[in-house]
Amino acid sequence: MSAQTRPRQTLHLAVVIGSVREGRFGPVVANWFVEQAALHGGFTVDLIDLADTPLPLELPPVPPAMAAEPVRPPEMAELTRRLGEADAVVVVTPDYNRSFPASLKAAIDWHYTQWQAKPIGFVGYSGGTGGILAIEQLRQVFNELHAHTVRDYVSFPRYYLLFGPDGSLLEPEGPDAAAKVLLDQLLWWGSVLHDARRDRPYVAA
């Protein structure tokens, strides 16, 4: 079968809502992005809400190697499984005081191999910067964990002016186009890294 006729691979995409505080806007943004991913057609989508899982800030002892798994609370098993099954991840995050939420950092730090050799994308929202400050810091964190953060992202500055009461965008053309660019990049990197992990399992040095 030629490259032109080979069917496109469908990847498993995890969309993670990073904020857990009361009154958060994250689910509105995440639901919009899940719709965009469904329209794209290259993914099966799993929407993960960190508010559904206890995320202790006190971490266990550091494993002797990055390939080892920390001893996690039993309540975290479902989150760990879903992150492990993902071929690509999109993090939906606000800016909190020029950074990202503690809940998101806790979820990241409780996991090691679940991020390795996978593409990570970002959708940000906040009053002024649209979440860009959080996104740039998250790039450093995920790169340390051997993930690949893709270049493009989606940003919603002054998000409260952009969405209607029903959660739909008032002017969707620009964000919809940005979402497609992000999803295209995730599909390319996700496909390549999926095959690489299958053919040559990744081992962190």
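The values are calculated or read from the model by the stated rules, or taken from the named source; none is laboratory data. Since we're looking at a predicted model, the values are computed, not measured. A quick note on method: Cβ atoms are made from the backbone with ideal geometry, for glycine too, and the neighbour counts reach across all protein chains shown.
Mind telling me which of the residues 51, 102, 65 ends up being at pLDDT below 95, surrounded by fewer than 18 Cβ atoms within 10 Å (Cβ to Cβ) and among the small types (Gly, Ala, Ser)? Steps first, please.
Values: 51 fails: at pLDDT below 95; 102 fails: at pLDDT below 95.
Exactly one residue qualifies, and that residue is 65.
Look through the range 117-131, keep the residues that are of a type outside the set (Lys, Arg) and within 23 Å of residue 188 (Cβ to Cβ), and return whichever of them is surrounded by the most Cβ atoms within 10 Å (Cβ to Cβ).
To start, the set of residues in the range 117-131 that are of a type outside the set (Lys, Arg) comprises 117, 119-131.
Pick out the ones that are also within 23 Å of residue 188 (Cβ to Cβ) and you get 117, 119-124.
Values: 117: 19, 119: 26, 120: 25, 121: 27, 122: 26, 123: 29, 124: 27.
The selected residue is 123.
Kindly indicate which of 137, 114 is closer than 21 Å to residue 182 by Cα, touching a helix residue (DSSP H, G or I) at 6+ places or on another chain (Cβ under 6 Å) and surrounded by 14 or more Cβ atoms within 10 Å (Cβ to Cβ). If you could, list the steps in order and put the result at the bottom.
Numbers: 137 fails: touching a helix residue (DSSP H, G or I) at 6+ places or on another chain (Cβ under 6 Å).
114 is the lone residue from the list that is closer than 21 Å to residue 182 by Cα, touching a helix residue (DSSP H, G or I) at 6+ places or on another chain (Cβ under 6 Å) and surrounded by 14 or more Cβ atoms within 10 Å (Cβ to Cβ).
Can you tell me which residues in the range 68-81 are surrounded by 12 or more Cβ atoms within 10 Å (Cβ to Cβ) and not hydroxyl-bearing (Ser, Thr, Tyr)? Please lay out each step first, then the result.
So in the range 68-81, the residues surrounded by 12 or more Cβ atoms within 10 Å (Cβ to Cβ) come out as 69-70, 72-73, 75-76, 78-80.
69, 70, 72, 73, 75, 76, 78, 79 - these are the residues of the range 68-81 that are surrounded by 12 or more Cβ atoms within 10 Å (Cβ to Cβ) and not hydroxyl-bearing (Ser, Thr, Tyr).
Residues to consider are 195, 152, 166; find the one that is in a helix (DSSP H, G or I) and among the acidic types (Asp, Glu).
The match here is 195.
Could you say which residue among 89, 34, 29 is outside any strand (DSSP E or B), touching a residue at least 60 places away in the same chain (Cβ under 8 Å), of a type in the set (Val, Ile, Thr) and under 23 Å from residue 151 (Cβ atoms)?
Details: 89 fails: outside any strand (DSSP E or B); 34 fails: touching a residue at least 60 places away in the same chain (Cβ under 8 Å).
Answer to the selection: 29.
Within the range 92-104, take every residue that is touching a residue at least 12 places away in the same chain (Cβ under 8 Å) and among the polar types (S, T, N, Q) and give me the one that is nearest to residue 140 (Cα to Cα). Give the steps one after another, and end with the answer.
Applying the first criterion (touching a residue at least 12 places away in the same chain (Cβ under 8 Å)) to the range 92-104 yields 92-96, 98-104.
Cutting the leftovers down to among the polar types (S, T, N, Q) gives us 93, 99, 103.
Values: 93: 15, 99: 12, 103: 17 Å.
The residue in question is 99.
Report yes if residue 158 is at negative phi and of a type outside the set (Gly, Ala, Ser), otherwise no. Reasoning before the result, please.
Values: at negative phi: no; of a type outside the set (Gly, Ala, Ser): yes.
It is false that residue 158 is at negative phi and of a type outside the set (Gly, Ala, Ser).
Is it the case that some residue within the range 32-39 is over 16 Å from the mean Cα position of the chain (by Cα) and more than 26 Å from residue 11 (Cα to Cα)? Break it down stepwise before answering.
Applying the first criterion (over 16 Å from the mean Cα position of the chain (by Cα)) to the range 32-39 yields 39.
Filter once more, keeping what is more than 26 Å from residue 11 (Cα to Cα): none.
Within the range 32-39, not a single residue is over 16 Å from the mean Cα position of the chain (by Cα) and more than 26 Å from residue 11 (Cα to Cα).
Looking only at the range 128-149, count how many residues are assigned to a strand (DSSP E or B) and of a type in the set (Val, Ile, Thr). Break it down stepwise before answering.
If we filter the range 128-149 for residues that are assigned to a strand (DSSP E or B), which is where we start, we get 148-149.
Now narrow it down to the ones that are of a type in the set (Val, Ile, Thr): 149.
Counting residues in the range 128-149 that are assigned to a strand (DSSP E or B) and of a type in the set (Val, Ile, Thr) gives 1.
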